[in-house]
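As C-alpha cells, the structure follows; a few thoughts come after it.
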Amino acid sequence: MKSHLLQLLLPVAQSIHPEILANSIQMDRPKSIEHGDFSTNLAMMLAKPMKKNPRELASLIIEKLPKSPFIEKVEIAGAGFINFYLSEKARTFIIHEILKNPLTYGQNTSGHDDKGHPQKVQIEFVSANPTGPLHVGHGRGAAIGDSLARILKFNGWDVTREFYYNDTGAQIDNLTKSVHARCHHIDPSDPAFPEDGYRGEYIVDIANAFLNKSVITCEGKTIHASGNIDDLASIRAFSVAYLRQEQDQDLNAFHIQFDVFTLESSFYQHGYIEKVVNQLIKNGFTYEEDNALWLKTTDFGDDKNRVMKKSDGSYTYFIPDITYHLNKWERGFKRVINEQGSDHHSTITRVRAGLQALKVGIPDTYPEYVLHQMITVMKGGEEVKLSKRAGTYVTLRDLIDEVGCDATRYFLVARKSDSQLVFDIDLAKTQNSDNPVYYIQYAHARIEGVLKQWGGKLDALQDIDLKGLDSTQELILIKRLNEFPEMVLHASLELAPHTIANYLKDCAADLHSYYNDTKFLVANEHEKLQHLSLIKATQIVLKNGLNLLGVNAPDKM
RNA sequence: GCCCUCGUAGCUCAGUGGAUAGAGCAUCCCCCUCCUAAGGGGAGGGUCACAGGUUCAACUCCUGUCGAGGGCGCCA
C-alpha cells in the first residue's frame, strides 16, 4: 500500500522538481487517525530549494496526483503535510491479504540476495561459560537473540543460531578447583577454599554427582565421572558436562534451540590458533614486551594494545575470540550478529581490530553487535539479588519457575536492549490487563472465543467486502494491521525486537476497544461476516507477532 | 581520568528530524439482562536532566555540563 502511494507520488514530484530521488521521498504513518493513513512531507522538503510556500506546493502536488481506487481523499494539513486517506477498497484489500496468507502475512524478502535466495546470517547469543547456571542476564540475551533470529528469518534471512562456550582457560580451572574443594567438604567459609572459586550451592551438587560416579550425556557425548576424589582431569570434564547439561535444560525450558555449539577448545585441537597467531605476526602487527606477545590493536582504533600470548606461554581469551570469528567468516557467514551483555563492550574494538590485522578481506564492521544492559529483578517492592542455588545471582530458572516461560520471554524482550531493565516479578505474575503478556494473549483467545461461538467455516470470511465497516475503532484497527509488515521490516533493520512487543500491546488494545464497543454476532449475515473477517485478520497478526517473540498465542485462557 | 550506553508523567517505559510528546501502573470517576469485566470509557498528572548550536521544523542530530550504569586485567 505504501509503495503504491510512492509510485503515484514519484512522477508528480519529479515533474515539479526533476532532481528529486525516489528514495528521498518520505511516506510516514501519522500517529493520529485524524491525519489519515499515510502522510508525506514532500511539499515541505521542496519548499526550500524551490523557494515556494509549502502549502502552495502541496496543493500543486495534489492537483497533479493521479486518481487511485485505493485513495479516498488527500488533504493538506499543518505546515504543509499531505495526508492520504485510504478508501474502503484499500481496507478490503488489506484484510483479504491477511486472510489469504495467515502464515506469511508480514513477511518480506529483504534478506534475499540479487538472485532471490536467502542470505546466511549467524546470530551468536547466550554463550555462557559452563561455570554455573544461566542467570537473568543470559535470559535477556536468550530472549533477544532468539527473537532476532525469528525476526530475521521472517525477513527472508537464512539464520543460524549459535552458542559459543569456553571449556578451557582460567575460569574452568576455578570451576575444577571449586568442585574439588567441595569433594573434600571444604566450603567457602574455609580459608582453604579457592580464592576465586565458585561459591554457589550447585557446586556441592556437582561434587556429589562426581563422587557417585554419575554419567552425563550432553551434545551427543557421554561423560563418566571417575569418582576418584583427586582426579582433576575427570572433575574438570565432568563439571563442564554437568553444567552444560543444566544450561541446556534451562534453554529447553525457555523454548530456545541452538543450531550449533562451538567449543573454544576445538580451536586449540586443530592448530587453528597457531595459524591465526602466525598470520598476525607475519602481517607485522605484533611485538614482544615483558615476556608477552602483544597485538597492536591501536592500529585499528583501540585505545591501548592488548596481550595475546601471556608470559606463561598460554593465550588470553581474545586470540580464540579472533580465531572464532575468522572461523565464522570461513564458514561462509558474510553477516554475523553477536548478542552480548554490555559488560563485553570492550571486546568489540579488539575483535574487529584482530580481524583487520589478519588482512583477509573481512569488513571492519564485522561482526555486528547487539548489547543489552543490566537487569534489576524486583519482588514485593524490593530488589532480589540472590538465588538459593547460584548464591550470588538470580537464575533464569528462578524466573521461568516463578512467572512462566511466556511472561519471562516477553518481559525480557519488551525493552530497548541498550536500556537497563527492571523485571517486576509481581507484575509478570499478574493475570489481568496490568500484565501486557496476558493482555495480548487474551486478545487472541477472545477472538477465538467469538469464532467458536459463531461456528462457521473460515472460508466464508475470505471474500467479504468491508463496505460500511468504517467506525473509528474499525478504521484504527485496520490501520494497525496494515502497519504490521512495515513494523516487521523496521524491527529487522534496527535489530530491535522490543518494537514488536510494543506493537502487539497497541494492537491488542485496539482489539479490546473494538470488542467492547461492538456486538460482532449480529443478525445481519453480511455485517456479521464483516466483523468476523476483521477480527480473524487481527488474530492472525497477533499470532504472527507473538511468534516473533517466541510467545504462545493460546486459543483459550 | 578516558571510552560506551542511558536520563521523557509519582513509578515502569514507548517515541523512524515533523502536526496538540504517548502507553501501562498508581490516583479519581464511569460501564456487564449482551460473544471471556483476564475487558472498556473518561479525568488529573510533562521545563522530554541542563545550556548552547544546526534546521523551514529538534525528545530525536552536534558540542558542553550534571546525574546513573557498564567498561578501561597477561579474567571471559
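Looking at A:Q171, A:Q107, which is the one that is under 30 Å from A:M378 (Cβ atoms) and open to solvent by 60 Å² or more (accessible area, probe 1.4 Å)? The match here is A:Q171. Residues in segment A:34-74 that are within 11 Å of RNA strand B (Cβ to nearest atom), within 27 Å of A:R480 (Cβ to Cβ) and open to solvent by 50 Å² or more (accessible area, probe 1.4 Å): A:E34, A:H35, A:M44.
Of A:K457, A:K429, which residue is closer than 30 Å to A:G381 by Cβ and more than 9 Å from RNA strand B (Cβ to nearest atom)? I'd like the intermediate steps shown before the answer.
On the way: A:K457 fails: closer than 30 Å to A:G381 by Cβ.
The conditions single out A:K429.
A:S311 satisfies every condition listed in (1) open to solvent by 60 Å² or more (accessible area, probe 1.4 Å); (2) touching a strand residue (DSSP E or B) at 6+ places or on another chain (Cβ under 7 Å); (3) part of a helix (DSSP H, G or I) except (3).
Under the condition of being part of a helix (DSSP H, G or I) and either farther than 26 Å from A:Y442 by Cα or of a type in the set (A, V, I, L, M) (or both), the residues counted in segment A:376-425 number 8. In the set (1) at positive phi; (2) more than 13 Å from RNA strand B (Cβ to nearest atom); (3) within 23 Å of the chain's Cα centre (by Cα), the condition left unmet by A:G468 is number (3). Just one of (1) within 36 Å of the chain's Cα centre (by Cα); (2) over 27 Å from A:V121 (Cα atoms); (3) surrounded by fewer than 18 Cβ atoms within 10 Å (Cβ to Cβ) fails for A:I216. It is (3).
What do you reckon, is A:A181 of a type outside the set (V, I, T), more than 13 Å from A:F238 (Cα to Cα), open to solvent by less than 10 Å² (accessible area, probe 1.4 Å) and in a helix (DSSP H, G or I)? So A:A181 passes the test.
Residue under question is A:I478, and the condition is that it be among the aliphatic types (A, V, I, L, M), open to solvent by less than 60 Å² (accessible area, probe 1.4 Å) and either in the same structural domain as A:F38 (by TED's automatic domain parsing) or closer than 22 Å to A:N432 by Cα (or both); does it hold?
No; evaluated as a whole, the condition is false for this residue.
Picking from A:D299, A:D364, which residue would you name as being in contact (Cβ under 8 Å) with a residue 12 or more places away in the chain, open to solvent by 40 Å² or more (accessible area, probe 1.4 Å), assigned to a helix (DSSP H, G or I) and of a type in the set (D, E, K, R)?
On the way: A:D364 fails: assigned to a helix (DSSP H, G or I).
The match here is A:D299.
Would you check if there is a residue in segment A:436-453 being free of Cβ contacts under 8 Å to residues at least 60 places away in the same chain, more than 7 Å from RNA strand B (Cβ to nearest atom), surrounded by 15 or more Cβ atoms within 10 Å (Cβ to Cβ) and within 25 Å of the chain's Cα centre (by Cα)? No - not one qualifying residue is present in segment A:436-453.
Quick one: which of A:N305, A:N291 is among the polar types (S, T, N, Q), at pLDDT below 95, within 12 Å of RNA strand B (Cβ to nearest atom) and touching a Phe, Trp or Tyr at 6+ places or on another chain (Cβ under 8 Å)? Can you show your working first?
Values: A:N291 fails: touching a Phe, Trp or Tyr at 6+ places or on another chain (Cβ under 8 Å).
From the options A:N305, A:N291, the qualifying one is A:N305.
The values are calculated or read from the model by the stated rules, or taken from the named source; none is laboratory data. Just so you know, these numbers come straight off a predicted model, no measurement behind them. We place every Cβ from the backbone using ideal geometry, glycine too, and count neighbours over all the protein chains shown. When the accessible area is computed, the model is the full protein with side chains, heavy atoms only, and any ligands, DNA or RNA have been set aside. Shrake-Rupley method; radii C 1.70, N 1.55, O 1.52, S 1.80 Å.
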